[in-house]
1. Rank the residues Ser370, Ser47, Ser253 as a footprinting-exposure proxy: fewest other Cβ atoms within 10 Å of their Cβ go first.
2. Could you name the aspartates and glutamates whose alpha carbon sits less than 12 Å from that of Lys281, not counting residues in the same chain fewer than 8 places away?
3. Taking the dipole about the Cα centre of the chain, with the C-beta of Lys and Arg at +1 and of Asp and Glu at -1, give me whichever of Leu360, His173, His379 is farthest to the positive side.
4. Give me the one-decimal nm value for the distance between modelled label points at Leu42 and Asp376, 7 Å along each residue's Cα-to-Cβ direction.
5. Which lysines have a Cα lying under 17 Å from the Cα of Lys372, excluding residues fewer than 8 positions away in the same chain?
6. Taking Lys268 as the anchor, which aspartates and glutamates have their alpha carbon closer than 16 Å to its alpha carbon, excluding any fewer than eight residues away along the same chain?
7. What list do you get for Asp247, Asp122 if you sort them by fewest beta carbons within 10 Å?
8. May I ask you to compute the full-extension gain from Glu271 to Asp364, defined as 0.36 nm times their residue separation minus their alpha-carbon distance, rounded to one decimal in nm?
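Taken together, the values in this text are just the output of simple stated rules run on the coordinates, not laboratory data. What you see is a predicted model; the values in this text were computed from it and never measured. Here the Cβ positions follow ideal geometry from the backbone for every residue, glycine too, while neighbour counts run over all protein chains shown.
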Amino acid sequence: MSPEEDRIPVPERGPEERTDDFDEVPLGYSPEQAMEESERCLECAKSPCIGGCPVEIDIPNFVKAIAEGEFKEALEIIKDTNIIPAITGRVCPQEEQCEEVCVMGNVGDPINIGKLERFVADYARENNLEEVPEIEKNKDFEVAIVGSGPSGVTCAALFAQNGYDVTMFEALHEPGGVLKYGIPEFRLPNEVIDHELEYLDELHVDIRLNRIVGQNIELEELEEDFDAIYVATGAGSPRFLGLEGEDLKGVYSANEFLTRINLMKAYKFPEYDTPITDMEKVGVIGAGNVAMDAARCAIRMGADSHILYRRTTEWSPARDEEIEHAKQEGVTFDTLCNPKRIIGDKDGWVKGIELFECELEEPDDSGRPSPKVLEDTEHKKDFDTVVIAIGQEPNKVFYENAPGVEVKEWGGIIIDDENRMTTKEGVFAGGDAVSGAATVILAMGDGRKAAQNIMNYLEG
Ligand code: FAD
Ligand code: SF4
Ligand code: SF4
């Protein structure tokens with residue numbers, strides 16, 4: 001490829017250095033590197049990249065502003081539709097979205113849109129380029145948002161920017177949803193999230209923490225106090241396999257494992273209160289992004305870390321970058337195996353997993369070859385910790401205590417596709433609570449659409 005066809009590489013910390021701590025792995029572009037990468041953009045008239053972004057950022061124009069060294073202008077263009085670019089620039093599956101349809105991809109590497117977005121947000125933060133306009137509260141309506149993940153945050157910001165009074169209710173003691181409790185700091189540092197969320201404070205959004213709607217505050221109370229409610233409670237309920245031994249000590253859902261490590265900082269125990277079991281050999285069942293996060297955390301906790309997957313790595317639903325990073329850091333991929341049961345010792349602690357071997361057959365509904373379990377292939381592998389990372393479902397506490405709000409069989413809240421209202425008047429919903437586990441940017445897109453629909457509803 002000619003130099004223009006190649007991407008400017010993003011510097012990152014080497015595997016030996018980074019597995020001893022939870023600091024970020026990719027280091028990000030310098031201004032010169034970002035400008036050089038931006039100059040590769042063809043400024044296409046039809047700009048398919050915009051359609052590839054769920055919040056339709058004006059990509060050619062922000063990239064052009066970078067190429068011209070106008071970083072503040074680039075930030076303003078991005079923030080027009082995306083209030084948390086330092087986050088999406090780091091965690092969006094860009095290769096399946098804006099970058100997948102980038103025209104440069106036809107002749108070489110697509111423009112590194114995600115990393116450029118991250119550069120702009122980081123540069124603006126480090127150089128105090130951000131300005132928050134003082135917005136007059138000029139609307140008579142009060143809106144409640146339930147859940148402070150990316151969907152709730154996006155919706156809240158739009159209301160505040162449009163002069164509404166907004167109050168956000170969050171079950172946990174810190175805002176941010178999965179960004180804070182799920183995604184590890186080596187992919188998304190907490191200080192980056194905190195900075196992006198400060199924007200809500202500056203917009204005077206009232207964030208009330210430790211408020212579980214449906215448990216210590218009822219939906220009816222919110223309905224009395226607010227004119228409309230947006231529910232973005234996410235998909236934080238772990239799925240289990242229903243295997244013998246899943247209740248043994250040392251077996252975690254990925255959610256619990258990651259929350260202990262990321263939100264409660266178990267890796268700093270006893271400086272922080274929450275412990276996690278001493279681990280020597282960890283088996284992570286599953287091969288999606290959540291499984292990669294858990295396996296890479298286990299490596300940083302000093303363990304020998306294994307992904308246990310019933311297909312081969314090429315069929316893993318995780319991003320290529322995550323698989324690559326996990327391999328570089330020493331995670332072992334045990335593929336074509338399916339757990340039969342988790343084995344415990346006499347004191348109820350995990351000591352291993354019994355597995356079947358598998359082979360791949362014709363594709364299933366997901367388009368991937370279906371794994372067939374092979375009879376009489378049982379074999380045992382030793383593990384002292386097992387993490388189940390096979391997916392999440394919508395959180396039950398809200399919908400089980402929200403009379404009138406109906407859900408699908410699997411727990412997704414039912415909404416009207418047109419106006420995004422649930423089956424209860426004045427209560428709207430979006431993000432993972434409706435779609436099931438998806439992505440940050442899709443949850444944000446839902447937050448935007450909901451805000452627009454709720455404003456239409458309130459203002460007739
Ligand atoms: P969430 O982020 O789940 O936020 C919901 C919030 O609602 C939470 O803070 C929760 O505490 C709160 N809540 C729940 N019930 C109540 C209640 N009853 N009352 C009050 N508050 C309540 N996506 C990507 O795009 N890229 C990635 O790299 C990526 N990595 C991931 C890694 C992990 C480990 C996980 C679990 C997910 C990952 N995802 C990733 C998916 C992405 O994080 C989610 O799709 C996204 O966060 C969904 O946003 P949300 O606002 O709908 O819900
Ligand atoms: Fe691409 Fe995500 Fe940024 Fe949109 S928000 S431009 S999809 S990286
Ligand atoms: Fe630039 Fe790619 Fe968008 Fe074309 S498709 S404008 S090359 S980012």
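1. Ser370, Ser47, Ser253
2. Asp304, Asp382, Asp384
3. Toward the positive end, the furthest listed residue is His379.
4. Using points 7 Å along Cα→Cβ, the separation is 5.8 nm.
5. Here the lysines satisfying the reach criterion relative to Lys372 are Lys340.
6. Within reach: Asp20, Asp21, Asp23, Glu185, Asp278.
7. Asp247, Asp122
8. 28.7 nm
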